Amino acid sequence: MKKFSLNINTKKLIIKKLSVFIAVILLLLVRIVSSEYRTIIYDTNSYSDERLMLEYSDLEKHFDPEFENPRTLQKTMTFSWFINLPRKLGISLNKLLALCWGLAAILTYLLLLRISRNRILSLIGYATVLFCPAGFEFNTGVHFYRNLIIAPFLFIFFCSLLNILYLSWNPKKTRIISYIIYSVVLSIIYPMCFYIKEDGFWMKPVLYFFLFTAFIGLVIKLCFIKTLNIKRIFLFLVCLVLPIVNFNIQTAKYLKANEKSFNYSDITLRTGGSFASVANQVYKIASDERTYRFWAPRDAIKKAIDVSPTLQSMPDLIERIDNFPWYAGTEIPGDFLPWVMLFSLEDTGRYTNAADIEKIYSKIDEEIRQAFENGSLKKDQKFQLTKSAGGRSVQEIFLMFPDIIQLYETVIFLKGYDSSYKMPSQEDQDYIGSFTEQLNQDLTYPSNSKLRNDFIFKNEIGKKITEIDFNIYRIWIPVLFFTGILSWLLSLLLGFKKIKPNTLDQWLSLFSVFVLMGISFAYATGIVWFSEFLVTAGNIQTDEIWRIIFYGVGIVPMIYLSILIAMCLTWSILKWSYSRLKDR
């Protein structure tokens, strides 16, 4: 019998792979354990936000028309669906969220390994994502709300897209199984990301751009393959279109569920259909009083009323909107107009159901449209980023840049990151407590001194863990960021001058970093545009910076992946420099 033996290189490779695997598992276990010390808490009793996430999570009740109310169709459903998983999987919400970060980190590891072919470098990237400060920061990693899942889900989304991109352009024969896996993951995560919040529309052009770029790479690669396998080509194309097809299927199912339950054929009432369109029309009406803080000034609302017989027939509604307590006689701030209209309908007893409101507001919407067409209403000349946002003058657009820069500072330097913890809200304990079994953890205020002491003890440990994490990243991320910028510029220069031979993967890395940073800037602009009205001064101040961290958490994956891919470029330059010195 022939004795099986391994050569030294094979043994070294096995040991290296095994060591990395053990490190991945151990780091993941540390992340899971630490999540129980940085526990998610219910911090408020807001019916418009946190409470709705819980209400919607009772899916059977949510889609029962008997329980329809003005808040039923105001938010998208991903997070409410997500918080049903702990009971089904038999783990706590804390652990489930940690596992989501784990999946994001693993996909990052695989992406960096594909680019750098260096396991240690990829493991560093894995740890960087796994212990990302956004997962520990109070507003984005502890406060019970849908923002908890934005960062890990977007990491998964972008990593899947980038892996498909690199596989498509790889000149070597790509294993179809890898392509299928990333395509399936992307098909699942894309609709989930899209419906975390009502502003997911920005993801569609991003997806189409990356998939189109991947398609071009696939076509070029196939042109150089001598023996074309039709079945293989078909599978590749199916993988590329699968995320789009599945998104359309899931959206159709979502719309069908709303249609069946509420006779309403849109995703949300507040941001879709004629109800939202009326608010969007008001944002377009010319007004000298419109600013970055007040998108729907009183004179614009009055002009809309003057051209709408339907609105004029509801004087009680007009009076309620005009005297709504949220703004106590001043202008309506930011995007609050749909909320004001909605709750005014409820307060005046005019809210029946979404279908009826849609019919009424479709008439109002048409009346305002006709007024624009016949010249009764003039359109505002300010630039609108989207139809659902107030316009800004050129000067107001430039005034956004300090806050855009400040959003980058929160990610790179952890400016304003909060390592503290709070006791859970003491309001509505019976209702919040009814979700304990579903979440596999208790969000209520500790009911006795022993439980309170236990809570404080665990969270004090969690606070120390978080402070250590923040202190490390306040050094690590700036170093990565600035060396990444230099490496990107140097790689570009050396490549164009043909001093250093760049591989196709390195050119793809240059491209990926540039595109991701471009997307991050567009995203940051949108976040500041939509959230700046919430602050009390022209620029976001230190005591208000939590808002931009809270609303802008989606930028974290874009910046992190940019600098981690740039880290691979740094490694490439170092290897090249070392080889040149060695050859001398």
Within the range 477-491, residues farther than 20 Å from K415 by Cβ and open to solvent by less than 30 Å² (accessible area, probe 1.4 Å) come out as S487, S491
Just name the residue that is least open to solvent (accessible area, probe 1.4 Å) out of those in the range 182-202 that are over 13 Å from P243 (Cβ atoms) and assigned to a helix (DSSP H, G or I).
G200
For residues in the range 366-407 being open to solvent by 40 Å² or more (accessible area, probe 1.4 Å) and of a type in the set (A, V, I, L, M), which is farthest from D306 (Cα to Cα)?
I405
Among the residues of the range 292-329, write down those that are touching a Phe, Trp or Tyr at 6+ places or on another chain (Cβ under 8 Å) and either under 23 Å from Q74 (Cα atoms) or surrounded by fewer than 18 Cβ atoms within 10 Å (Cβ to Cβ) (or both).
R293, F294, W295, A296, F324, W326, Y327
How many residues does the range 330-365 contain that are open to solvent by less than 50 Å² (accessible area, probe 1.4 Å) and part of a loop (DSSP other than H, G, I, E, B)?
5
Please verify whether L480 is in contact with a Leu (Cβ under 9 Å, 6 or more places away or on another chain), free of Cβ contacts under 8 Å to residues at least 40 places away in the same chain, assigned by the TED database to the domain that holds L561 and over 26 Å from H143 (Cα atoms), treating the condition exactly as stated.
no
Being open to solvent by less than 20 Å² (accessible area, probe 1.4 Å) and without any contact (Cβ under 8 Å) to a residue 60 or more places away in the chain, is that true of even one residue in the range 500-518?
yes
Name every residue in the range 280-291 that is surrounded by fewer than 21 Cβ atoms within 10 Å (Cβ to Cβ) and within 15 Å of T330 (Cβ to Cβ), in order of residue number.
E289, T291
When you look at G135, is it under 24 Å from Y551 (Cβ atoms) and in contact with a Phe, Trp or Tyr (Cβ under 6 Å, 6 or more places away or on another chain), yes or no?
yes
Can you confirm whether the range 209-224 contains a residue that is assigned to a loop (DSSP other than H, G, I, E, B), open to solvent by 10 Å² or more (accessible area, probe 1.4 Å) and either under 20 Å from Y109 (Cβ atoms) or without any contact (Cβ under 8 Å) to a residue 60 or more places away in the chain (or both)?
yes
Checking T271 against (1) open to solvent by 30 Å² or more (accessible area, probe 1.4 Å); (2) polar (S, T, N, Q); (3) part of a helix (DSSP H, G or I); (4) closer than 26 Å to F372 by Cα, which test does it fail?
(3)
Counting residues that are at pLDDT 95 or above and open to solvent by 10 Å² or more (accessible area, probe 1.4 Å), which helices (runs of 4 or more DSSP H) fully inside the range 83-172 reach at least 2?
85-89, 93-116, 119-130
Using beta carbons and a limit of 9 Å, which pairs, at least six apart or on different chains, have the first residue in the range 75-93 and farther than 16 Å from G200 by Cα and without any contact (Cβ under 8 Å) to a residue 12 or more places away in the chain and the second one outside any helix (DSSP H, G or I) and open to solvent by 20 Å² or more (accessible area, probe 1.4 Å)?
L85/I91; L89/N440
Of these, I368, I397, I364, I412, which one is in contact (Cβ under 8 Å) with a residue 12 or more places away in the chain and in the same structural domain as Y523 (by the TED database)?
I412
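The values are calculated or read from the model by the stated rules, or taken from the named source; none is laboratory data. Quantities reported herein were computed from a predicted structural model and do not represent experimental measurements. Neighbour counts are summed over all protein chains in view; Cβ atoms, including those assigned to glycine, are modelled from backbone coordinates with ideal geometry. The accessibility values were calculated without ligands, DNA or RNA, using every heavy atom of the protein model including side chains. Shrake-Rupley method; radii C 1.70, N 1.55, O 1.52, S 1.80 Å.
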